[in-house]
Number of protein chains: 2
Amino acid sequence: MADTAFHQPGKPGYILTMGEILVEIMATERGQSFREPGTLIGPYASGAPAIFIDQVAKVGSPCAMIGCVGDDDFGVLNVERLRVDGVNVSGISVIKTATTGSAFVTYREDGDRDFIYNIANSASGHLSVGNIRDDLLRQCSHFHVMGSSLFSFRIIEAMKKVIETVKGHGGTVSFDPNIRKEMLRIPEMREALDFILDYTDVFLPSGHEVMLLASASSERGAIEEILKRGVREIVIKRGKDGCSYYDGSAEHDLPALRVDEIDPTGAGDCFGGTYIACRAQGFAIERALTYACAAGARAVTQRGPMEGTATLAELDDFISHASEQSHG
Amino acid sequence: MADTAFHQPGKPGYILTMGEILVEIMATERGQSFREPGTLIGPYASGAPAIFIDQVAKVGSPCAMIGCVGDDDFGVLNVERLRVDGVNVSGISVIKTATTGSAFVTYREDGDRDFIYNIANSASGHLSVGNIRDDLLRQCSHFHVMGSSLFSFRIIEAMKKVIETVKGHGGTVSFDPNIRKEMLRIPEMREALDFILDYTDVFLPSGHEVMLLASASSERGAIEEILKRGVREIVIKRGKDGCSYYDGSAEHDLPALRVDEIDPTGAGDCFGGTYIACRAQGFAIERALTYACAAGARAVTQRGPMEGTATLAELDDFISHASEQSHG
């Protein structure tokens, strides 16, 4: 029964994720260049898996993160933020010889974003099998993988170990590909994505990503192909066009709530965290999707990648205000 | 004759430096924490040797820099800035797999600064013997070493090679220790500093650094000890207390120009660049010291580490305005 894929009564445990922890520094003006000084704002807590797990904590599910920060105030900012919001941070290591990762972001006139990243050579690049705490693995009932985290072979190795362990004791895995096309040209990266998809229970691609990991030439064909591989639920995030759900029998299409976009960064991660946490708490599919859509929509109204994470009460409030204003 | 230590008529050539190239991001408020979002300003061109060589170029001496930046807008900002100001940037490599170095700086209420650095794991950390261009070495008549650049053994190895080559063909070396005390506890670092001092013609310490590399227990004793080692000129930078010059026969003490401090970062580098460039152009000691003091004072009135570099005309103007207002 698809509707209980995550609902595992008698098997409570952590929702776990692993990957990059960053600060984000944002340009304040549209079209602002990083080739000259300007006004910036930050540091904001960031990193796709960190945003995801913060949202899981806000929805009220027990959760933990494995990652690395530097011995600096950027690391303190991130770890304290996650801890205060309810994430078990015992799996976050402090790397003395590296700086906490960072992303500078500026918005082009057309709304696209340009980034300057320091991730692979930051503390987050030190993440390896050695950082995996066995106690967290034992207590983990669900593991979430962000494709953005797969930037080194030693991280891929660590991901494989966690996936195999969690699945080995009956846990589930979700996967948000969140990848750049160029990654698929690296054979080892493509192989890693295939490996992860083979173990994935819940697949959370953005619209354009559905076909990246399938050979089918249509979205519908790709969905069927991925379900045949053993994925139990596919939720396609379509941004301002809402989301779609497929499990081979049921299908749902939900419109997005209409909002004024302030900052899209982190919206997909908030969507994913909400969906996974709601489903883990036994919410029916449509209810979980409704909250997930609301979390994504609410996130884009807040400046800062992790500033849009929200509790269910905040999402209820947001939904009721949004539906007063329009019908999607 | 001490007065002609740098004046090598018939032997023109580049003033060369080598080391870290960074962007600096500044907090805008005093006491601002990097543990929460706030308003920042940047990126500014930075890196002690980069500031030094930019100042040399502004004084009008032929000059070049060896260093590494990432393949990003922070690198472009730095390289273009140096190029436009007249520095030969052919020795600056673009490292595809690394990000341009960065320093976040915030000012405490007491005026002290707190930094979050990404240098050793940035593009600047890739600097090695392989980045040294032989054509630049051949044309180099003077090499300047910043102690801040000695953060890896492979950089120290590169520094030794440049020093030996430049001295081998009759060039001169200046050295601004610019070091943290903790570096002296690392035996290889202490050995490297001793090596550099053995080859140094012009030593440019800050006041508190004079005794760090000598065994004497007084500043006077340390000066004598360092001159005995073969250093020809010692210029001690004393910040708002001016500067002092020693060469074993002549001594000069110059007061500082009185200014309102906006941002002290880079002032010592501007002082050094001005002194070395003026002396290389054959200026007498007192005239070179006067310009150097003015360059340091003017630099602290400008926000941004490299924003205070100035031409001799700008320094003349600055000196005449400053002397209208007070007598130091």
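Read the figures in this text as sums done on the coordinates, not as results from a lab. Note that this is a predicted model, so its numbers are computed, not measured. We place every Cβ from the backbone using ideal geometry, glycine too, and count neighbours over all the protein chains shown.
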request  = Treating the Cα atoms of region A:110-154 as identical point scatterers in vacuum, please give the log10 of the normalised Debye intensity I(q)/I(0) at q = 0.28, 0.30 Å⁻¹, two decimals.
outcome  = -1.15, -1.19
remark   = The base-10 log of I(q)/I(0) that the Debye equation returns for the protein assembly as shown at q = 0.05, 0.07, 0.09, 0.10 Å⁻¹, one scatterer per C-alpha, is -0.29, -0.53, -0.78, -0.89
Given charges at beta-carbon only (K, R positive; D, E negative), |dipole| of region B:13-325 in Debye = 580 debye
query = Residues with amide H under 5 Å of A:Cys63's amide H, sequence separation 5 or more or different chain, H placed in the peptide plane at 1.01 Å from N; which?
reply = A:Ile15, A:Asn88
ask   = What residue among A:Ala284, B:Asn88, A:Ala158 has its Cα farthest toward the positive end of the dipole of the protein assembly as shown, where the charges are +1 on Lys, Arg and -1 on Asp, Glu, each on the Cβ?
value = A:Ala158
message = Let's see if you can work this out: charge +1 on each Lys and Arg Cβ, -1 on each Asp and Glu Cβ, no other charges. What is the dipole magnitude of region B:129-245 about its Cα centre, in debye to the nearest 20?
response = 160 debye
query = How far apart, in nm, are two points set 7 Å out from the Cα along the Cα-to-Cβ line at B:Asp194 and at B:Glu219?
reply = 2.6 nm
ask   = For labels at B:Lys228 and B:Ile41 in the simple 7 Å Cα→Cβ model, what's the distance in nm?
value = 4.9 nm
inquiry  = From the helices alone, meaning DSSP H stretches of at least four residues, give me the mean residue ellipticity at 222 nm for chain B, per-run term -39500 (n - 2.57), in deg cm²/dmol to the nearest 500.
reply    = -10500 deg cm²/dmol
key: J(HN,Hα) series, region B:153-162, from Karplus relation 6.51 cos²θ - 1.76 cosθ + 1.60, nearest Hz, glycine and proline x   = 5, 6, 6, 4, 4, 5, 4, 4, 4, 5
request  = Run through the other copies and list how far each one's label point is from that of B:Lys167, in nm with one decimal, shortest first; the point sits 7 Å from Cα along Cα-Cβ.
outcome  = 6.2
Exposure proxy order (Cβ contacts within 10 Å, fewest to most) of A:Leu204, A:Leu136, B:Leu40 = A:Leu136, B:Leu40, A:Leu204
Nm distances between copies for A:Lys181, ranked from closest, using label points 7 Å along Cα→Cβ = 5.7
Pairwise centroid distance, computed over Cα atoms, of region B:173-207 with region A:111-174, Å = 43 Å
ask   = Considering only the label points, 7 Å along Cα→Cβ from Cα, what distances in nm to one decimal separate A:Asp316 from the same position in each other copy, shortest first?
value = 7.7
request  = Taking the Cβ of each residue in A:Arg35, B:Arg298, A:Arg108 as the centre, tally the other Cβ atoms inside 10 Å and list the residues starting with the fewest.
outcome  = A:Arg108, A:Arg35, B:Arg298
task = With viscosity set to 0.692 mPa s and temperature to 37 °C, compute the Stokes-Einstein D of region B:231-287, Rh being the Kirkwood radius across alpha carbon pairs; µm²/s, no decimals.
result = 266 µm²/s
note = Ordered by fewest other Cβ atoms within 10 Å, a rough proxy for footprinting exposure, A:Phe195, B:Phe52, A:Phe203, A:Phe151 read A:Phe195, A:Phe151, A:Phe203, B:Phe52
ask   = Based on the Cα gyration tensor of chain A, what are the three equivalent ellipsoid semi-axes, each the root of five times an eigenvalue, rounded to whole Å and given largest first?
value = 27, 25, 20
task = With no solvent and one equal point scatterer placed on each C-alpha of region B:159-246, evaluate the Debye formula and give log10 I(q)/I(0) for q = 0.16, 0.24 Å⁻¹, two decimals.
result = -0.62, -1.29
ask   = With +1 on each Lys and Arg Cβ and -1 on each Asp and Glu Cβ, how big is the dipole of region A:204-274 about its Cα centre, in debye rounded to the nearest 20?
value = 180 debye
request  = Would you mind computing the Rg to Rh ratio of region B:70-204 from its alpha-carbon coordinates, Kirkwood style for Rh?
outcome  = 0.98
remark   = Expressed in nanometres to one decimal, the distance between label points 7 Å along Cα→Cβ at A:Glu314 and A:His252 is 2.2 nm
